[in-house]
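For reference, the structure is listed below as structure tokens.
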Amino acid sequence: MKRLASSRWRRAVIPAALAVLLPLRADVAATPAADPVEGIWVGHMGPAANQAMLGLAIKRDAHGELAAKFCIDQINYYDQPLQNFKAAGDGTYTDATLGLHLRLDGDRLAGEASGNYSPVDLHRADRLPEDPPVPETLSRGPGPRWQRKMGGPIYAPAALRDGFAYVGATNGVFTAVKLADGSAAWTFAAGRPILGGALTTEDAVYFPCDDGRLYKLNRADGKEVWRYELGDAQVPRVLPDPNRREDDAFDFAGPTPVLVDGVLYVGSGDGSLHAVDAATGQRVWRIETRGKLRTTVAVAGPNLALGSDGGLISLVERATGKEVWQVDAKYPATGAPQIVGGRLVIGTRGSVLYGINLATGARDWRIFFWGSWVESSAIEGNDGLGYIGASDLRRVTCFDPKDGRIVWRTDVFGAPWGRPVLTDKFVYVGTADYTPYEIRHVGGVVALDRATGRLAWRWPLPHPPGTFCSGFAAAPALADGLLVIGGLDGSLYAFPGE
């Protein structure tokens, strides 16, 4: 009986126990051993003259595969998934996203990355760095002296002359504003969005409009003198939109006419550059390039420099429009060309700022902007240095135009799309923000110490609920002790400027 009972117990209980225990043992066997690369790594990537902080957090996912998150401070990516991190064997690891090829050597993870990201040198750390907040102790500055509602978001830079600001807005109205108190002297209804800047002379104001025309107004009273057909009235324009990130999106730039020896030069959205007689509004010549010409041309002696959305950077004769040389940058040249230190300096959506030899078109140097579009245009200071902003880089960069060496680079916490303005003491810039977006941006007006790049003050413009893009997209202008800048909230602001 005992043997029978024992036999029955073995037949009933042991299989039941095994049914429970065996899956557990199978799970334990299926769990791979810890990989020595697991953990947190922090260090640097990129060449010594233009480095970024790189952080990796590596662990096993629910399927037992290596998974990683990364942060890169220069492009303001924090706690972002790295989808393709893999063990390649023999202590090496790869990632297709950043083009990493790393080797583990004790507490050091080092190797190469694709393109401008190389080399890479990481060491173990306790935690990944986080996106730095705006310093709570940072001064808000003097605040605006006055604010004037203009009826629509302002992307165009204001032209300041003889106590007035001249600026257009997306509501299609161009306004002359008194600098003394922000009141309107006169208005002109163009009827379509105005994103280009104004050029003023002693008696006239010139500006392009999205109705496809270049206008000349009487500066005293805003009466129309003539209009010239630029031919781009039907060219679509996609302003910042949360649903579009393609190259044709964020199409908010507009050219400011340039006047030399009685002739106006202005680009068009249909890819043409126009030379127009300033007195009569008659065409002198017209040439075509590849892609939209949304930015202002630069005068280089007897020539003009231009950059197109089609990626072409060109030098043409001012008298005839005949091409002198051409460079294919491959990416939209959405920053306006500028002459800085005797070189043509222009940024692209390929994350590069070029210093180009004016005589030959050779690219003398390049600065990599860590994946950020370079929408801003540069300005040369009386110290011979160049200053420029860049959107997702979220920084203003001071550089030496002789060799592209970075002098300083400062986080301004928002997208500095517009060209900076300089005084002997400060660098002023407006910043835009857009939400939702993978990079945190905040809008405001920022003053930087010109010598060091240190943040001097920041005046914030809160993000209105329900909007995508806010803050300041326009470049600031400075005259008569006032810093004037248009906001995406539809207001023109005037701050005390030093």
inquiry  = Can you give me the solvent accessible area of Phe250 with a 1.4 Å probe, rounded to the nearest 10 Å²?
reply    = 20 Å²
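Report the charge-dipole magnitude of the chain in Debye, nearest 20, computed about the Cα centre from +1 at each Lys and Arg Cβ and -1 at each Asp and Glu Cβ. Could you put the intermediate results ahead of the total?
Working: 52 positive and 55 negative charges, 320 e Å.
Around 1540 debye, computed over the chain.
Going by the alpha-carbon gyration tensor, a ≥ b ≥ c the square roots of its eigenvalues, is the stretch 326-402 rounded (a/c under 1.5) or, if a/c is not under 1.5, prolate (a/b greater than b/c) versus oblate? Provide the component values of the computation, followed by the final result.
Numbers: a/c = 1.91, a/b = 1.08, b/c = 1.77.
Cα axes put the stretch 326-402 in the oblate bin.
Determine the shape class of the stretch 190-319: with a ≥ b ≥ c the square roots of the Cα gyration tensor eigenvalues, call it rounded for a/c under 1.5, and otherwise prolate if a/b is greater than b/c, oblate otherwise.
Working: a/c = 2.06, a/b = 1.24, b/c = 1.66.
Verdict is oblate for the stretch 190-319.
Assigning unit charges at the beta carbon (Lys, Arg +1; Asp, Glu -1) and nothing else, what dipole magnitude in debye, to the nearest 20, does the stretch 128-243 show about its Cα centre?
Dipole of the stretch 128-243, to the nearest 20 debye: 400 debye.
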ask   = Excluding ligands and nucleic acids, what accessible area in Å² is computed for Cys469 using a 1.4 Å probe, to the nearest 10?
value = 20 Å²
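Sort 271-278, 309-316 by packing, meaning the average of other beta carbons within 10 Å per residue, with the highest value first.
On the way: 271-278: 20.2, 309-316: 21.9.
Put in order of decreasing packing, that is 309-316, 271-278.
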ask   = When the Karplus curve 6.51 cos²θ - 1.76 cosθ + 1.60 is applied with θ = phi - 60°, which whole-Hz ³J(HN,Hα) does each residue of the stretch 90-102 get, with x for Gly and Pro?
value = 6, x, 10, 9, 10, 8, 7, 5, 9, x, 7, 9, 10
query = Taking a probe of 1.4 Å, how large is the accessible area per residue of the chain, in Å²?
reply = 43 Å²
ask   = Which of Phe495, Gly46, Leu312 sits closest to the plus end of the dipole of the chain, meaning its Cα is farthest towards the positive end, when Lys and Arg get +1 and Asp and Glu get -1 on the C-beta?
value = Gly46
ask   = Calculated from the structure, Cα extents along the principal axes in Å equals which of (i) 120, 48, 44; (ii) 120, 77, 54; (iii) 79, 61, 41?
value = (i)
query = Considering the dipole of the chain built from charges on the beta carbon (Lys and Arg +1, Asp and Glu -1) around the Cα centre, which of Pro81, Phe399, Pro142 is farthest to its positive end?
reply = Pro81
request  = On a 0 to 90° scale, report how tilted helix 2-30 is relative to the longest principal axis of the chain, with both axes built from alpha carbons and the result rounded to the nearest 10.
outcome  = 30 degrees
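Give a quick list of trypsin sites (Lys or Arg not before Pro) in the stretch 204-285 that DSSP marks as loop, anything other than H, G, I, E or B, with at most 12 other Cβ atoms within 10 Å.
On the way: sites: Arg213, Lys216, Arg219, Lys223, Arg227, Arg237, Arg244, Arg245, Arg283; in loops: Arg219, Lys223, Arg237, Arg245.
Sites meeting the loop and neighbour criteria: Lys223, Arg245.
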remark   = Expected field for Asp90, accessible surface area in Å² at 1.4 Å probe radius, rounded to 10, holds 140 Å²
Nonlocal Lys pairs with alpha-carbon distance under 29 Å, the chain (8 or more apart, or different chains) = 17
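The values are calculated or read from the model by the stated rules, or taken from the named source; none is laboratory data. From a predicted model like this one, the values you see are computed outputs, not experimental measurements. FYI the Cβ positions are ideal-geometry reconstructions off the backbone, even for glycines, and counts take in every protein chain you see. Side chains included, ligands, DNA and RNA excluded: accessible areas come from the protein's heavy atoms. Shrake-Rupley method; radii C 1.70, N 1.55, O 1.52, S 1.80 Å.
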